[in-house]
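Notes follow once the structure below has been shown.
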Amino acid sequence: MAGTRRVRPGSGSRPAGRRAQILLLAADLFHRGGYHQVTMAEVAGGLGITAPALYRHFRGKPELLHQVLGAGLDALAEALAPARGTAELCAALSTVAIDHRPLGTLWQRDARLLPAGPRARLRRELRADVRLMAGVLRADRPGLPPADAELLCWSVLSVYGGLSQHSFAPPRRRFERLLRDIGAALLAVSLAGARAEPPVAAGPVSARPGQRREELLAAAVRLFHERGFDNVSTDQLGAAVGMSGPSVYHHFDSKAALLAASLVRSRERLRHEIEAAVTGAARADAALAAGLRAYIGFARRHSHYLGAMLSETERLAPADRRTAVDFRRDFLRTWVGLLRQARPEYDAAEARIRVHSMFALVNDGVRNRPHSERADLGDCLERMARAVLGI
């Protein structure tokens, strides 16, 4: 049951207060630095204890990550259990989103690094929570098809989880009210009659002389997203394009250089497609609508890039990481400017939160199976994104 407290191995053998402190600190460190960059000694040092003392609570870093994610899902389940209507759902989710801000990033970026068994168990728990949410939503909207209800509920989780991608926030009372309003607008969206579209595929690789390099870039962004940078070998990268592993070094000096180049190429495509869509629009609202359709189209064709951008930026060299972060900030600033022109009543904080929420909804929506395989996904995403942006 989604509202049942989960009992985890070893949870009763140590003082609850110390365990809670460890989980809170580890969540923050993993969120800010990335799982691979954080050591058990760093976690122990942050609490003023020794590493051996930390290992008396957790056998290793994978178990610590598992427990951090489990604690976040426990908080989510506990908050959702008493909800009796859509308004209460949004209020509960808003509170969890603010109080457990790292959870969204940790789930999207780091949960895939867990062993298959623990990862599958956490996924089942989250699905149970979504089913509970969908039941509450359908009680308020009796004619809503179950598949539409679940898509809306996954999407609202994405919106609230996307808050972990930024650190700014208005005063708490206003923040909660804005999040409730965004969630309520999203859960009220009608997906009836959404138009179906042909399946999308990533754009073709250019057939110019550097085609093999382009093939490597495309394969790299897919493999790094699916398996994680550290779990992909040069042999696997080479095999994906029909070459030996050592031959990869004929095109790139290192695996890190290949990661950086693959993200650069994807950013170039994204910038080009959005600029082409927005340029020439007569009004801000028309530019925003055109840009939104272009972004959704890009996301559906290049979902691997969006996943790798979230999960692998931390693996870049410092200079490449700064470039990637600068691009994301500039990209966000452009969208915030467009939204504020279309909706001048929004201040900068509200516009940024709404734009971040829209990105999270689309980026997750194109990767969250089985809903990502819906023939009408593009239209559904556009309707939901417009509700989140308030346009």
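The values are calculated or read from the model by the stated rules, or taken from the named source; none is laboratory data. Please read all numbers here as calculations on a predicted model, not as lab measurements. Neighbour counts are summed over all protein chains in view; Cβ atoms, including those assigned to glycine, are modelled from backbone coordinates with ideal geometry. Areas reflect the complete protein model, heavy atoms only, side chains present, ligands, DNA and RNA absent. Shrake-Rupley method; radii C 1.70, N 1.55, O 1.52, S 1.80 Å.
Can you work out which of the residues in segment 329-353 that are buried (at least 16 other Cβ atoms within 10 Å of the Cβ) and basic (Lys, Arg) is farthest from residue 259 (Cα to Cα)?
Per the stated criteria, the residue is 343.
So that you can scan it fast, the table gives a plain yes or no per residue for (1) surrounded by fewer than 15 Cβ atoms within 10 Å (Cβ to Cβ); (2) without any contact (Cβ under 8 Å) to a residue 40 or more places away in the chain; (3) not aromatic (Phe, Trp, Tyr):
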{"position": "44", "(1), (2), (3)": "no, yes, yes"}
{"position": "52", "(1), (2), (3)": "yes, yes, yes"}
{"position": "68", "(1), (2), (3)": "no, no, yes"}
{"position": "91", "(1), (2), (3)": "no, no, yes"}
{"position": "97", "(1), (2), (3)": "no, no, yes"}
{"position": "110", "(1), (2), (3)": "no, no, yes"}
{"position": "123", "(1), (2), (3)": "yes, yes, yes"}
{"position": "127", "(1), (2), (3)": "yes, yes, yes"}
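Residue check: is residue 119 among the charged types (D, E, K, R) and either closer than 20 Å to residue 228 by Cβ or part of a helix (DSSP H, G or I) (or both)?
Numbers: among the charged types (D, E, K, R): yes; either closer than 20 Å to residue 228 by Cβ or part of a helix (DSSP H, G or I) (or both): yes.
Spelling it out, residue 119 is indeed among the charged types (D, E, K, R) and either closer than 20 Å to residue 228 by Cβ or part of a helix (DSSP H, G or I) (or both).
Name every residue in segment 146-171 that is at pLDDT below 90 and either more than 13 Å from residue 360 (Cα to Cα) or of a type in the set (Val, Ile, Thr) (or both), in order of residue number. Outline the logic, then answer.
Going through segment 146-171, the residues at pLDDT below 90 turn out to be 162-171.
Matches in segment 146-171: 167, 168, 169, 170, 171.
Does segment 363-373 hold any residues that are surrounded by fewer than 24 Cβ atoms within 10 Å (Cβ to Cβ) and either assigned to a helix (DSSP H, G or I) or among the hydroxyl-bearing types (Ser, Thr, Tyr) (or both), and which are they?
363, 371, 372, 373
Tell me the helices (runs of 4 or more DSSP H) entirely within segment 35-109 that contain at least 2 residues that are more than 22 Å from the chain's Cα centre (by Cα) and closer than 14 Å to residue 133 by Cβ. Walk me through how you get there before you give the answer.
Working: elements: 40-47, 51-55, 61-80, 86-99.
In segment 35-109, 86-99 are the helices (runs of 4 or more DSSP H) which contain 2 or more residues that are more than 22 Å from the chain's Cα centre (by Cα) and closer than 14 Å to residue 133 by Cβ.
Do we have any residue at all in segment 27-41 that's β-branched (Val, Ile, Thr) and modelled with pLDDT of 55 or more?
Kept after step one, since they are β-branched (Val, Ile, Thr), are these residues of segment 27-41: 38-39.
Next, from what is left, pick out any that are modelled with pLDDT of 55 or more: 38-39.
Yes, there is a match, as at least one residue in segment 27-41 is β-branched (Val, Ile, Thr) and modelled with pLDDT of 55 or more.
Which pairs turn up if I take residues in segment 190-208 that are surrounded by 12 or more Cβ atoms within 10 Å (Cβ to Cβ) and at pLDDT below 75 and look for partners that are in a loop (DSSP other than H, G, I, E, B) and not aliphatic (A, V, I, L, M) with beta carbon separation below 7 Å, at least 6 apart in sequence or on another chain?
Note: pairs meeting the criteria are 202/302.
Report every pair of residues separated by at least 6 positions or lying on different chains whose Cβ atoms are under 6 Å apart, first residue within segment 223-239 and within 16 Å of residue 34 (Cβ to Cβ), second of a type in the set (Lys, Arg) and assigned to a helix (DSSP H, G or I).
Hits for this filter: 229/315.
Does segment 244-254 hold any residues that are open to solvent by less than 30 Å² (accessible area, probe 1.4 Å) and not in a helix (DSSP H, G or I), and which are they?
Scanning segment 244-254 gives 245, 252.
Just checking, which of 257, 319, 281 is without any contact (Cβ under 8 Å) to a residue 12 or more places away in the chain, outside any helix (DSSP H, G or I) and either hydrophobic (A, V, I, L, M, F, W, C) or buried (at least 20 other Cβ atoms within 10 Å of the Cβ) (or both)? Break it down into steps so the answer makes sense when it comes.
Values: 257 fails: outside any helix (DSSP H, G or I); 319 fails: outside any helix (DSSP H, G or I).
Result: 281 is the single residue among 257, 319, 281 that is without any contact (Cβ under 8 Å) to a residue 12 or more places away in the chain, outside any helix (DSSP H, G or I) and either hydrophobic (A, V, I, L, M, F, W, C) or buried (at least 20 other Cβ atoms within 10 Å of the Cβ) (or both).
Among the residues of segment 150-172, which ones are part of a helix (DSSP H, G or I) and over 16 Å from residue 88 (Cα atoms)?
Residues of segment 150-172 that are part of a helix (DSSP H, G or I), as a first pass: 150-165, 172.
If the condition is that a residue be part of a helix (DSSP H, G or I) and over 16 Å from residue 88 (Cα atoms), then 150, 151, 154, 155, 158, 159, 161, 162, 163, 164, 165, 172 are the ones that fit.
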